[in-house]
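Here is the structure we will look at, set down as structure tokens.
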Amino acid sequence: MTAGPLARFKVIDLTRVRAGPTAVRQLADWGADVIKIESPDGDAGLGGERHGPDFQNLHRNKRSLTLNLKSPEGLDILKRLVAQSDVVVENYRPDVKFRLGVDYESLKAINPQLVYASISGFGQDGPYRDRPGFDQIAQGMGGLMSITGLPGQGPVRVGIPVADLTAGIFAAMGILVALLEREQSGLGQWVQSSLLGAQIAMLDFQAARWTIGREVPEQAGNNHPTSIPTGVFQTADGYINIAAAGNDIYRRCCEALGRPDLATHPLYATAKARSDNRDALNAEIEAITKGRTSADWIEALNKAGVPSGPIYKMNEVFDDPQVKHLGITRTVPHPVLGAVEVIGQAIELSRCRGPLVFRVAAT
């Protein structure tokens, strides 16, 4: 296995379920030496069955060690590992780490250079500190469910655990920042992320519409809330996405659709007019797109400089030639499952490409 760019770092993984394992996986994929600490009862079921796709995906590239941290012997082994490690990541409920004696201050006393990362549902302090965290709860409290779904449909969760995943990715970024800072100070520090904080950060411009503009965003369904026309349109054999944001792209879209008059129509000529009359404009466009196949429209629109693309089912995603070209999946051997295909990283480095062979989750 080719050593990745993080190979010099040793990471102790105390996490379970999803947000924490996601954070550690970012480090493991780039070569960090990760030791996943498992309870005597095992962690399967907290991320799916051990040989199931979820568990294998979350815990690839990690080594495994079973310790009973409630016993003096198990805790002593962990502390000896910590003394030789660079990073500890945990996602216990805030009070649990103190009860076990594996909180930041306790481990910092053993290793002042330690970067200690905590991921929680709502933060390490505050009125909701002790509440159990769960992705869908964060999606609701973080505002995402109020802007997802069709207008008037009622709140809708997103189809992936976005709060879990982004809390993990933010934690990994915080760990890397702390490791960089340690090169100057020589000291570690406590890195914290939460599902609620990550979810709010991911609202991006939708949140800014409130914090700056005092506008409460509503559900817009498949329509982009501010760039119109952008949405899903039916074709002769399915559906496609069209993104015609801005006057120039909108004009090119109208020409590609064979309706240049729509670009100057008083109901649609300006961004405000298109926003005020979005439903009517969408109906005009869909009446046209129904006349040709999805493939025809995708080719014609992109040729005209109008972003357009298919709406794939999961199996279709991985059959796409550009997806194959990106090399986003890797096929690796597994001692029980045989050859398995895993999702790789979504970033590339020109020199450092991370491990060429993945270590899948242990049996």
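Select from region 74-112 the residues that are over 26 Å from Arg131 (Cα atoms) and either not in a helix (DSSP H, G or I) or not assigned by TED's automatic domain parsing to the domain that holds Gly188 (or both) and list them in ascending order.
Those that are over 26 Å from Arg131 (Cα atoms) and either not in a helix (DSSP H, G or I) or not assigned by TED's automatic domain parsing to the domain that holds Gly188 (or both): Gln84, Ser85, Asp86, Ala109, Ile110, Asn111, Pro112.
So Lys70 clears everything in (1) under 19 Å from the mean Cα position of the chain (by Cα); (2) in a loop (DSSP other than H, G, I, E, B) except one condition, right? Which one?
All conditions are met except number (1).
Restricting the first residue to region 30-48 and requiring it to be assigned by TED's automatic domain parsing to the domain that holds His59 and outside any loop (DSSP other than H, G, I, E, B), which pairs with a second residue that is of a type in the set (Val, Ile, Thr) and modelled with pLDDT of 90 or more meet a Cβ separation below 7 Å and a spacing of at least six or different chains?
Cβ pairs passing all conditions: Asp33/Val11; Val34/Val11; Val34/Val24; Ile35/Ile12; Ile37/Ile12; Glu38/Thr66.
Looking only at residues that are hydroxyl-bearing (Ser, Thr, Tyr) and touching a residue at least 24 places away in the same chain (Cβ under 8 Å) in region 55-91, which one is nearest to Val336 (Cα to Cα)?
Looking at the filtered set, the residue picked out is Ser64.
How about region 13-49: which of its residues are at pLDDT below 90, more than 22 Å from Gly121 (Cα to Cα) and surrounded by 17 or more Cβ atoms within 10 Å (Cβ to Cβ)?
The answer is none; no residue qualifies.
Could you tell me which of the residues Ala220, Ala201, Ala236 is within 24 Å of the chain's Cα centre (by Cα) and modelled with pLDDT of 95 or more?
Within the list Ala220, Ala201, Ala236, the selection yields Ala201.
Touching a Leu at 6+ places or on another chain (Cβ under 7 Å) and either surrounded by 18 or more Cβ atoms within 10 Å (Cβ to Cβ) or closer than 17 Å to Ala220 by Cα (or both): is that true of Asn282 in this structure?
Answer is no for this residue.
Six or more apart or on different chains, Cβ under 6 Å: which pairs go from a residue in region 98-114 that's under 18 Å from Leu179 (Cα atoms) to one that's of a type in the set (Gly, Ala, Ser)? Could you list them?
Ile110/Ala83; Asn111/Ala83; Gln113/Gly188; Leu114/Gly188
Checking Val191 against (1) part of a strand (DSSP E or B); (2) not polar (S, T, N, Q); (3) not assigned by TED's automatic domain parsing to the domain that holds Gly123: exactly one of these is not met. Which one?
Failed condition: (3).
Residue by residue, here is whether (1) at pLDDT 95 or above; (2) within 25 Å of the chain's Cα centre (by Cα); (3) surrounded by 15 or more Cβ atoms within 10 Å (Cβ to Cβ) holds:
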residue	(1), (2), (3)
Val87	yes, yes, yes
Phe98	no, no, no
Val102	yes, no, yes
Asn111	yes, no, yes
Leu114	yes, no, yes
Ser120	yes, yes, yes
Ala138	yes, yes, yes
Gly143	yes, yes, yes
Gly152	no, no, no
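From the list Ala178, Ala167, Ala163, which one is assigned by TED's automatic domain parsing to the domain that holds Arg129, within 20 Å of Gln345 (Cβ to Cβ) and of a type outside the set (Phe, Trp, Tyr)?
Ala167
The values are calculated or read from the model by the stated rules, or taken from the named source; none is laboratory data. All of these numbers come straight from a predicted model, not from anything done at the bench. No Cβ is skipped: glycine too gets one built from the backbone with ideal geometry, and neighbour counts run over all protein chains shown.
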